1. Residues that are surrounded by fewer than 18 Cβ atoms within 10 Å (Cβ to Cβ) and in contact with a Ser or Thr (Cβ under 8 Å, 6 or more places away or on another chain), at least 2 per element: which helices (runs of 4 or more DSSP H) completely within the range 358-445 meet that?
2. Would you check which residues across the range 17-35 are of a type in the set (A, V, I, L, M) and without any contact (Cβ under 8 Å) to a residue 60 or more places away in the chain and list them?
3. Return only the number of the condition from (1) outside any helix (DSSP H, G or I); (2) more than 14 Å from the ligand (Cβ to nearest atom) that TYR282 does not satisfy.
4. Taking the condition within 9 Å of the ligand (Cβ to nearest atom), buried (at least 19 other Cβ atoms within 10 Å of the Cβ) and either under 19 Å from THR300 (Cβ atoms) or modelled with pLDDT under 95 (or both), does LEU349 pass?
5. Can you tell which of SER297, SER311, SER303, SER322 is within 6 Å of the ligand (Cβ to nearest atom) and among the polar types (S, T, N, Q)?
6. Every residue in the range 365-385 that is more than 8 Å from the ligand (Cβ to nearest atom) and of a type outside the set (Phe, Trp, Tyr), please.
7. Among the residues of the range 202-211, is there at least one that is touching a strand residue (DSSP E or B) at 6+ places or on another chain (Cβ under 8 Å) and among the acidic types (Asp, Glu)?
Amino acid sequence: MRPESSVKTVILLEILLPVALLIFGVYHGVMQVLYRAGIIKDMSFLGIEYYQGLTLHGVINAIVFTTILIVAFGNIMFWYLLKKPLRPAVQWVAFLLMLVGTLMAAWAMFTGKANVLYTFYPPLIAHWTFYLGAALLIIGSIVPLFFDWLPNYLAWKRENPDKKVPIGVYGVMVNHIMWVIMVVPVVIEVLFQLLPLSMGLVAEINPSLARTLFWAFGHPVVYFWLLPAYAMLYQILPRLVSEKGALFSDGAARLAFILFLIFSFPVGLHHQYTEPGITNSYKLIHALFTFGVAVPSFITAFSVAASLEYSIKAQYPHLKDSLFAWWTKIPYISTQGDKWVVSYYMAGLFMFLIGGITGIINASYNLNLVVHNTAWVPAHFHTTVGGLVTLIFLGMSLFFLGRLTGKEIRAKALAALAPWLWLVGFAIFNIAYSIAGIEGMPRRTNMGPSYSNPDSPIFAADWMPEAIAGAVGGTIAGIGFVLFLVSFVATLLAPKTKEETLEFPTASTYHDERMPALQRLTPWVVFSSLLFLIAYIPPLYDVTKRGVFFDSPGYNDKSPLPITKPQSAKEGDKKEVSKR
Ligand code: HAS
């Protein structure tokens, strides 16, 4: 089955754009570890300031790269698994919205008008193009759900009343429904707080409310990044490792997706344990739900390991009774056929084991007090979003680049090696930054001119070994990315040798449980939305007691003085005028 040429072009652009942007994202990541190790001792490098670079790093890697690729992978899953054409007009509108949004935000960041980091916490305020750009990116990413995927999903179900939608489509569908729900609070924050302040329509903002709205989006979003990776782990990986590849349990995989739909939302306060103004009991409730949201990942760990075992043993019957010998048959690093991409999955899974454990430590109310806002936190998320998610996304980008252009993957050995260098680099980075975090090394701090500078009065010699190890690890990971890029560019420039397609290997199912309760998504969507509301109404009440537009004027990173005139100053002005 050949993809419609215009749709194929859009999907190709949705792969090329984020990978191209990631070059800047990764570059600024390497700059980060160099600043923090004191190798760069300045406030800026090559004309880009420290916080400008950190904003570019976070926004590109965590928000733009992920969102656009998630749409691309969703399109591919729907197109191939449901065998229904996608609508070119819908696809172009979605892509152009995402492109314009990205360009607007990029302009604000590259011109230094949005040094607000990827969490854009007020009272730091960016140029309005940054927020509007982010909003357009989000809107564009939602368009395919309503105008392409949902109609195709419903049509497929009408035509196949007794069949379950393939697990890949199920995962993408659940994920994008979650996306639509989770963006509501951040859209409210942007429309009613950040944009009005940034455009000078109001003079003050309530930062506690803004942060609470942000985190109501900010934790679910990590599962928006994760679930497409899980969908591909279930649908594709078993078939990549073995000719007889099968998903161990279809029911367990669907249950995992539904548990994410339920538990991803009532958890955001675990980012705000240390913040005043929110009732502790609700923080504790969110802590308990956070342990709940780890359960579907535990299920996935079991499902994936069992699928690997079943698939390998089906191909090598002599290993049927082996406990561990089958591990040796996983193609961890291979250039045979499509097996090079298995490296990305396996390296990612190993990284996520660590990411999961550190996440559960973060979630613990009291342990969080030790690690919050320290180097521990970047150590955690470079093994989750920077580990499993990034690696599967990179691997599948290259994989689909080859398919979409009808070209053989070039420099396969480098492509297969790249994720292992990424893993080694981030293992070093993770250990170093985790230890440093426990010792109190802060995150998001330019340590070059300060803690890592022997000439500074606040030089912290104790942190130097970890800071330097972090720089070594980050650089090795950067080299891993370069190897990936060599293969990606070489493939892009290679001559076409076969027919263009969007087909990919799909696993069969070993245990195909019926589980009718999981077939209809609507009741789960309603239940999860209600739980979200219940978990958030009291904390939102707490943080709005002092008003929506009050508490703090806006600031930027250039001056300690406010950039908007505080309300109190205006009232003072009025009093002055009336006295005169
Ligand atoms: Fe997290 C902070 C808690 C998962 C991303 N997290 C962050 C931040 C990011 C992030 C970006 O509770 C920083 C935000 C900021 O800038 O301030 N996180 C968790 C918990 C989980 C978790 C409980 N995080 C993720 C994922 C992310 C992500 C996934 C991105 C994709 N996180 C927190 C908390 C904070 C936090 C607090 C706030 C910290 C603070 O104070 O600021 C769980 O979902 C993790 C569950 C995962 C598992 C692992 C399952 C393992 C698998 C691999 C199996 C391996 C196999 C290989 C099968 C239980 C699936 C087998 C091999 C063979 C050979 C057989």
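1. Once the helices (runs of 4 or more DSSP H) in the range 358-445 are filtered for at least 2 residues that are surrounded by fewer than 18 Cβ atoms within 10 Å (Cβ to Cβ) and in contact with a Ser or Thr (Cβ under 8 Å, 6 or more places away or on another chain), what remains is 412-438.
2. Matches in the range 17-35: ALA20, MET31.
3. Condition (1) is where TYR282 drops out.
4. yes
5. On the way: SER311 fails: within 6 Å of the ligand (Cβ to nearest atom); SER303 fails: within 6 Å of the ligand (Cβ to nearest atom); SER322 fails: within 6 Å of the ligand (Cβ to nearest atom).
After ruling out the rest, the residue left standing is SER297.
6. Once the filter is applied, which keeps residues that are more than 8 Å from the ligand (Cβ to nearest atom) and of a type outside the set (Phe, Trp, Tyr), the range 365-385 yields ASN366, LEU367, LEU369, VAL370, THR374, ALA375, ALA379, HIS382, THR383.
7. Yes.
Residue by residue, here is whether (1) touching a Gly at 6+ places or on another chain (Cβ under 9 Å); (2) closer than 24 Å to GLU513 by Cβ holds:
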site	(1), (2)
THR212	yes, no
PHE217	yes, no
GLY245	no, yes
LEU255	no, yes
HIS270	no, no
LEU284	no, no
PHE289	no, no
SER297	yes, yes
SER303	no, yes
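The values are calculated or read from the model by the stated rules, or taken from the named source; none is laboratory data. If you're wondering where the values come from, they're calculated on a predicted model, not measured in any experiment. Methodologically, a virtual Cβ is constructed for each residue, glycine included, from the backbone with ideal geometry; neighbour enumeration extends over all protein chains shown.
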